[in-house]
1. Quick one: which of L253, L264 is surrounded by 21 or more Cβ atoms within 10 Å (Cβ to Cβ) and farther than 14 Å from L156 by Cβ?
2. Just checking, how many residues over the range 201-232 are assigned to a strand (DSSP E or B), under 21 Å from C172 (Cα atoms) and of a type outside the set (V, I, T)?
3. Can you name every residue in the range 135-169 that is of a type outside the set (S, T, Y), touching a Ser or Thr at 6+ places or on another chain (Cβ under 9 Å), closer than 25 Å to Y265 by Cβ and open to solvent by 30 Å² or more (accessible area, probe 1.4 Å)?
4. Tell me, yes or no, whether the range 84-96 has at least one residue that is modelled with pLDDT under 85, surrounded by 10 or more Cβ atoms within 10 Å (Cβ to Cβ) and on the phi < 0 side of the Ramachandran plot.
5. I'd like to verify a number: residues in the range 78-115 that are aliphatic (A, V, I, L, M), in contact (Cβ under 8 Å) with a residue 40 or more places away in the chain and part of a helix (DSSP H, G or I), how many?
6. What's the number of the only condition in (1) under 19 Å from the mean Cα position of the chain (by Cα); (2) over 20 Å from V223 (Cβ atoms) that P73 fails to meet?
Amino acid sequence: MNHLIEADARRRRHRAWALMGTGVAAALAAVLVAPTLLADTGAAPGPAGFGPPPAVSPPDPAPPHCTGVSPKPTGPQPPTQSYDTARARPTESPADGVARLTGAFRDTLRTALPPGVRVEPAQKSCAEPQFQYHPSYREYSIDATLRRGDDFGFFLLRVSPTGTDRSVDDVCSDAPPPENERSCEIENYPDGSAAVLSIHEDVPGGRQLRALVHRAEGNSVLVITNNIHNNVVGNKVTQTLTADEPLLTMDQLVAIARAPGLTLYP
């Protein structure tokens, strides 16, 4: 899965994430907005045009887990990665972190996705995307497929602590140039966060968009999507286009990565 996961130079060894789930998962459940029902308090009605204040709905509970908090190992696991972080590591339990981040991401999708685009989780047991916690890397991630009609593309979202040995200025210069065309630029934001935005063009018409946002609160969010599918036959890998363009733009990737709830320091 060339170029889908970046090599984290000076800190982490290169690893590949297996694409899970080739079946079609159920589409995102529609958000149903029910009218607010006011309880009869027995109080006399007030002047015309006034009445009891509207009921305040409690916050939505954290979504139940549709799959395990951590993925099942498929082989020997690497040792827990050890590196200094920009802020103290969060003490939130993985189960609580998965539930909280999953709820935040699902809320983000309500406004982040363009019309007709849906997210199909890699886990067949999930109708909606759910984060999973990877103990070896101490990070949370979602693997999924974006679909719009017959078009589709890979989608990865990863939330991890920002290492003190990494700065956005290093990322573009550290990455080895591929054999094909590649672009990389840095964008700074007023809140103190910064993004590394890169585009790989693996095959004619095929593009992989990658947005890595180092957030001001001390964690990093990586979002990747593409319009390329790897076909593996024996030891040979060929690539085919899955859509004319990736189903999300770079601006939309950045909007997801900067969503307020995708933080390890709530």
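1. Criteria check complete, one pass: L264.
2. Total meeting the criteria: 10.
3. Listed by number, the residues that qualify are P135, R138, R166.
4. no
5. 5
6. (1)
Each row is one residue, and each column tells you yes or no for (1) modelled with pLDDT of 95 or more; (2) of a type in the set (A, V, I, L, M); (3) touching a Pro at 6+ places or on another chain (Cβ under 8 Å).
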{"site": "I186", "(1), (2), (3)": "no, yes, no"}
{"site": "G192", "(1), (2), (3)": "no, no, no"}
{"site": "S198", "(1), (2), (3)": "no, no, no"}
{"site": "E201", "(1), (2), (3)": "no, no, no"}
{"site": "G205", "(1), (2), (3)": "no, no, no"}
{"site": "L209", "(1), (2), (3)": "yes, yes, yes"}
{"site": "A216", "(1), (2), (3)": "no, yes, no"}
{"site": "I224", "(1), (2), (3)": "yes, yes, no"}
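The rows are residues; the columns are (1) more than 23 Å from S167 (Cβ to Cβ); (2) in contact with a Gly (Cβ under 8 Å, 6 or more places away or on another chain); (3) surrounded by 13 or more Cβ atoms within 10 Å (Cβ to Cβ).
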{"position": "V203", "(1), (2), (3)": "yes, no, yes"}
{"position": "R210", "(1), (2), (3)": "no, no, yes"}
{"position": "H214", "(1), (2), (3)": "no, no, yes"}
{"position": "E217", "(1), (2), (3)": "no, no, yes"}
{"position": "V221", "(1), (2), (3)": "no, no, yes"}
{"position": "N230", "(1), (2), (3)": "yes, no, yes"}
{"position": "G234", "(1), (2), (3)": "yes, no, no"}
{"position": "L241", "(1), (2), (3)": "yes, yes, yes"}
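The values are calculated or read from the model by the stated rules, or taken from the named source; none is laboratory data. Predicted model only: the values in this text are computed from it and were never measured. Heads up, the Cβs are rebuilt from the backbone with ideal geometry, glycines too, and the neighbour counts pull from every protein chain shown. Surface areas here come from the heavy atoms of the whole protein model, side chains and all, with no ligands, DNA or RNA. Shrake-Rupley method; radii C 1.70, N 1.55, O 1.52, S 1.80 Å.
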